[in-house]
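The values are calculated or read from the model by the stated rules, or taken from the named source; none is laboratory data. For clarity, every value in this text was computed on a predicted model and none was experimentally measured. Positions of Cβ are generated from backbone atoms using ideal geometry, with glycine treated the same way; all protein chains shown enter the neighbour counts.
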Amino acid sequence: MIKQFLSLLAIQLLYVSIGFSQSPDPWKIQVNSINTSEYYGVTVANGMIGIVSSAEPFKVKDVVLAGAYDQYGRGRVSNFLRSFNLLNMTLDIDGKRLDAKQATGFKQSLNMKEASFTAEFDYTDKATVSYTYYSLRHLPYTVLMDVSITAKKDILITPASVMEAPDALRDVQNYYNEIDRPHVVLSLLTSSAKSPTGKLQLCASNTFLFEEHHGEEPRVIHEMWDNNMHLLKFSKKLKAGQSYRFSIAGSSITSAHHDDPLNEAERLTIYARLEGRDRLLNFHKKAWEELWKSDILIDGDLQAQQDIHSMIYHLYSFTREGTALSPSPMGLSGLGYNGHVFWDTELWMYPSLLVLQPAIAKSMVEYRFKRLEAAKRNAFSKGFKGAMFPWESAESGVEETPVWALSGPFEHHITACVGIAAWNYYCVSQDKQWLREKGWPILSETADFWCSRVERNAPGKYDINNVVAADEWAENVNNNAFTNAAAKANLKFATEAAKLLGIPASPDWMHVADNIPILKFPDGVTREHATYNGEGIKQADVNLLAYPLREITDPAAIRKDLEYYEKRVPHEGTPAMTQAVFTTLYARLGNAEKAYHWFKDSYLPNLNPPFRVIAETRGGTNPYFATGAGGVVQSVLMGFGGLDITSNGIVQVKSVLPPQWKKLTLTGVGPAKKTYEVKR
């Protein structure tokens, strides 16, 4: 009890140290002091293009495009690429270049409701400057930055939009075009380059947008600095007290997204320029307003509300409907994990999005469906039938795990995770046509895989040997609890799908499912694998059998497994998902205090300044860990909120709230956009 109290106290102290205030804004994270040595950028993204903030004025750390990979660098496998940085700027005032030293009162803020990032500061005694950028939700490849300058005395400003190629790109080509029309001149700053192997062409273009009521537009000048950098600039005299606003609209696209990326980048930028700032922002804000109709509202804990909004915001930002793309563990926050897709999607991020944004979840399953043939070839190469999905997946769907990682050839539970995700999409959508056309091929092929994967040693001993467990510290073990239970669920769901569709199910599916063992210790605790004897675990494994797999349903058995394994998760070096499972299970068991303890422990120790972005581990430096966010959001939806995905759709089971929370409201749930409440 003392140990648990000290643990909670430590978490609360950490809570304060990374930006706790007495009244956190539920929608806005405001940073009033920038420490460059402890700065982890926050991402503004639209599910296709991600912009990561910098501690320096007018700088952006990274621009990342979903779906753009090339083989270079780490592990001889496909990697995410940095795109052209199309929002970097410089600002000269009276001929002197502004830098961080002259920027006083530098503040930054993330507006999660409108998906915008704002910075503001004073430049000596001459001007007040602010800028806000957006990754436009309705235009997947287009970004916008608003800049406002208020003169404190008469000044001459010279802003410049700088286009610079990342180091890894090659064969850079820079272009400048002016398109004259009777009432407007479009000045286009455009760059194109090849990816490291030459596989992809990456292109970006931007332009200035000037406000009509300011009169005649300034003359725009193009300057070529070198092969990797060029810029557009203009000059404007401002009187003391005068404010001036302009915008930069830009687009970035690759040959992975379009057959003619160079011309398309310019077309998209022209489109944005002629739409105009106000229309662009109006459509962007309406799109986010629609997304936020599906929300989690916490009454009684403002900081938890802000944190949950941040997690939902990032999940929404890293995904979008209609793409057939799926997020990596770090989403669009950088190049972490090479941008590859793991079980992090299906087990951790996907369930939250499935109940809040089914259309987005559909894209994530479509990603796997389009790579089903590659999964079948993967199974064939390992001597199995059906489809075997790769542990790490990128564009093509082949195995992308670096060869030194044993998870590539052995972490087979990913295949069951994909099959279960397909079934769960049907459960929520109740779309039988989709099930027949997309879900059934995934379910039947993954079920066939497990029938060929088991070793039929005796009745009740259809063993699954030599796997990397969900607990990845357990390598090349036999009869891993999660792998076995997930395989059983995959086989059962395939059988159920066949019945719904009127298709004969293979009788071997349920025969195999009924004979896959779930190992136990003599006292009834579920044993993680055949040689497991109580050592520390990297992440949740056995406890996933209660949620989400429902392999274990007896409350006493669930509690026994929880009490055993919660003591075996080290405080350091473990990813931020396990505690979220503990939260969900304790909330469903009715233990509010323990559920709240694990809720706090699931993310507070992993937050980094100044925007409370989640790292993968405590003290980690690789945010934003969308996998962890997905786990925590699940713990609120399915744990405290009691939502459950069943073959008849979403239902609500009994749960409890933390002592501090008065009410939990879940809005816009499922296709019918229902509202659910839990009160104390």
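Picking from T158, T104, T132, which residue would you name as being crowded, with 20+ Cβ neighbours inside 10 Å and either within 25 Å of L232 (Cβ to Cβ) or assigned by TED's automatic domain parsing to the domain that holds V52 (or both)?
T132 is the lone residue from the list that is crowded, with 20+ Cβ neighbours inside 10 Å and either within 25 Å of L232 (Cβ to Cβ) or assigned by TED's automatic domain parsing to the domain that holds V52 (or both).
Of everything in region 234-272, what is crowded, with 18+ Cβ neighbours inside 10 Å, over 13 Å from L189 (Cα atoms) and of a type in the set (S, T, Y)? Give them in sequence order.
Across region 234-272, the qualifying residues are Y244, S247, T254, S255.
Scan the strands (runs of 3 or more DSSP E) fully inside region 28-107 and keep the ones with 1 or more residues being under 24 Å from Y313 (Cα atoms) and of a type outside the set (V, I, T).
Strands (runs of 3 or more DSSP E) meeting the threshold: 28-31, 43-45, 49-53, 60-71, 78-82.
With the requirement that a residue be in contact with a strand residue (DSSP E or B) (Cβ under 9 Å, 6 or more places away or on another chain) and touching a residue at least 12 places away in the same chain (Cβ under 8 Å), what does region 517-540 give you?
P517, I518, L519, T526, R527, E528, H529, A530, T531, Y532
Restricting region 378-396 to residues that are under 25 Å from the mean Cα position of the chain (by Cα) and either surrounded by fewer than 23 Cβ atoms within 10 Å (Cβ to Cβ) or among the basic types (K, R) (or both), which is nearest to S363 (Cα to Cα)?
This residue is E395.
Using beta carbons and a limit of 8 Å, which pairs, at least six apart or on different chains, have the first residue in region 233-250 and touching a residue at least 60 places away in the same chain (Cβ under 8 Å) and outside any strand (DSSP E or B) and the second one crowded, with 17+ Cβ neighbours inside 10 Å and hydrophobic (A, V, I, L, M, F, W, C)?
F234/F208; F234/V220; S235/I157; K239/A151; A240/A151; G241/A151; Q242/A151
Can you name every residue in region 93-136 that is of a type in the set (D, E) and at positive phi?
Passing the criteria: only D94.
Considering only residues that are surrounded by 13 or more Cβ atoms within 10 Å (Cβ to Cβ), in contact with a strand residue (DSSP E or B) (Cβ under 7 Å, 6 or more places away or on another chain) and assigned to a loop (DSSP other than H, G, I, E, B), which ones fall in region 643-661?
Correct list: S655, L657, W661.
What single numbered condition from (1) buried (at least 18 other Cβ atoms within 10 Å of the Cβ); (2) in a helix (DSSP H, G or I); (3) touching a helix residue (DSSP H, G or I) at 6+ places or on another chain (Cβ under 6 Å) fails to hold for M510?
If we test M510 against (1) buried (at least 18 other Cβ atoms within 10 Å of the Cβ); (2) in a helix (DSSP H, G or I); (3) touching a helix residue (DSSP H, G or I) at 6+ places or on another chain (Cβ under 6 Å), just (1) comes out false.
Can you list the helices (runs of 4 or more DSSP H) found entirely within region 344-442 that contain at least 3 residues being acidic (D, E)?
none
Can you confirm whether A489 is crowded, with 20+ Cβ neighbours inside 10 Å, in contact with a helix residue (DSSP H, G or I) (Cβ under 8 Å, 6 or more places away or on another chain) and not in a strand (DSSP E or B)?
For A489, the condition - crowded, with 20+ Cβ neighbours inside 10 Å, in contact with a helix residue (DSSP H, G or I) (Cβ under 8 Å, 6 or more places away or on another chain) and not in a strand (DSSP E or B) - is met.
Taking region 139-148, which residues are more than 18 Å from the chain's Cα centre (by Cα) and not aliphatic (A, V, I, L, M)?
Scanning region 139-148 gives T142, D146, S148.
Please count how many residues of region 603-615 are surrounded by fewer than 24 Cβ atoms within 10 Å (Cβ to Cβ) and assigned to a loop (DSSP other than H, G, I, E, B).
The qualifying residues number 3.
Might you check whether a residue that is touching a residue at least 24 places away in the same chain (Cβ under 8 Å), over 28 Å from the mean Cα position of the chain (by Cα) and more than 22 Å from A265 (Cβ to Cβ) occurs anywhere in region 114-121?
Yes, region 114-121 contains a residue that is touching a residue at least 24 places away in the same chain (Cβ under 8 Å), over 28 Å from the mean Cα position of the chain (by Cα) and more than 22 Å from A265 (Cβ to Cβ).
Of everything in region 564-600, what is modelled with pLDDT under 95, more than 19 Å from E528 (Cβ to Cβ) and not small (G, A, S)? Give them in sequence order.
Those that are modelled with pLDDT under 95, more than 19 Å from E528 (Cβ to Cβ) and not small (G, A, S): H571, E572.
Table: residues versus (1) surrounded by 16 or more Cβ atoms within 10 Å (Cβ to Cβ); (2) over 22 Å from V143 (Cα atoms); (3) over 30 Å from the mean Cα position of the chain (by Cα).
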| position | (1), (2), (3) |
| --- | --- |
| A165 | yes, no, no |
| N174 | yes, no, yes |
| E178 | no, no, yes |
| S195 | yes, no, no |
| L200 | yes, no, no |
| F210 | yes, no, yes |
| E217 | yes, no, yes |
| V220 | yes, no, yes |
| W225 | no, yes, yes |
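So, G241, is that one of a type in the set (G, A, S) and either under 24 Å from F80 (Cα atoms) or at pLDDT below 95 (or both) or not?
Judged against the criteria, G241 is not a match.
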